[in-house]
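Chemist: Before I ask anything, let me first share the structure, which is written out below as structure tokens.
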Amino acid sequence: MTATSRYLRLTRVLIVTAALGALAACGGNKERPKADLAASQVTTIGVNAYLWRAALETVSFAPLLQSDSNGGVIVTDWYANPKNPGERVKLTVSILDQDLRADAVRVAASRQVSQGGQWVDAPVQAATVQRLEDIILTKARELRRQAIAG
């Protein structure tokens, strides 16, 4: 299996996961509970707690270099999938707001491939970054629903 086909396979898995999460997040036009509005604001960190937890869970496969909950930044170290050691990725997740909103999370990714014993920068598909953002948002919404129900 080539690196490209592995990368496409990973992208497909992320797409399916995001789509299933989006379907699970669909609901009726119900009034939001008042506890929900306050829950995202009651935090000892500088950003939305649900987005923060969801982002940490989403990138937990990679070792962390930096995590600043007040500034809302998570930076991973390079991660190479054991099934594809000739490729590695590094992620930076930024939480931009205290509200749980789609535009409150940004993911930046760097990708490198091994060529002749050297790591060479390679492009990252924009769709892959979008899928990671969608996964984080879906997890954050689920954490919020669990907090309200619990």
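The values are calculated or read from the model by the stated rules, or taken from the named source; none is laboratory data. Being a predicted model, the structure only gives us computed values, none of them experimental. Here the Cβ is made from the backbone with ideal geometry for all residues, glycine too, and neighbour counts use every protein chain on show.
Chemist: If we scan the stretch 59-68, do we find a residue that is modelled with pLDDT of 95 or more, among the β-branched types (V, I, T) and part of a loop (DSSP other than H, G, I, E, B)?
Modeler: There is at least one residue in the stretch 59-68 that is modelled with pLDDT of 95 or more, among the β-branched types (V, I, T) and part of a loop (DSSP other than H, G, I, E, B).
Chemist: A further question on this structure: Take the residues of the stretch 69-80 that are touching a Leu at 6+ places or on another chain (Cβ under 8 Å) and part of a loop (DSSP other than H, G, I, E, B): which is surrounded by the fewest Cβ atoms within 10 Å (Cβ to Cβ)?
Modeler: Selected residue: D77.
Chemist: Taking the stretch 44-75, which residues are among the polar types (S, T, N, Q) and either closer than 16 Å to Q146 by Cβ or under 10 Å from the mean Cα position of the chain (by Cα) (or both)?
Modeler: Result: N48, T58, S60.
Chemist: Another question about this same structure. Considering every residue within the stretch 50-61, establish whether at least one is more than 18 Å from T138 (Cα to Cα) and without any contact (Cβ under 8 Å) to a residue 40 or more places away in the chain.
Modeler: Looking through the stretch 50-61, none of the residues is more than 18 Å from T138 (Cα to Cα) and without any contact (Cβ under 8 Å) to a residue 40 or more places away in the chain.
Chemist: Taking only the stretch 119-146 into account, find how many residues are out of contact with any strand residue (DSSP E or B) (no Cβ under 9 Å at 6 or more places or on another chain) and closer than 16 Å to W78 by Cβ.
Modeler: Number satisfying all stated conditions: 0.
Chemist: Follow-up. How many residues, within the stretch 95-125, are under 20 Å from G46 (Cβ atoms), surrounded by fewer than 17 Cβ atoms within 10 Å (Cβ to Cβ) and not charged (D, E, K, R)?
Modeler: 3
Chemist: Moving on to the next point. Just checking, how many residues over the stretch 83-125 are without any contact (Cβ under 8 Å) to a residue 12 or more places away in the chain and assigned to a helix (DSSP H, G or I)?
Modeler: Residues flagged as without any contact (Cβ under 8 Å) to a residue 12 or more places away in the chain and assigned to a helix (DSSP H, G or I) within the stretch 83-125 amount to 1.
Chemist: Then there's this: Here are the criteria: (1) buried (at least 17 other Cβ atoms within 10 Å of the Cβ); (2) outside any helix (DSSP H, G or I); (3) at pLDDT below 95. Tell me which single one T128 does not satisfy.
Modeler: (2)
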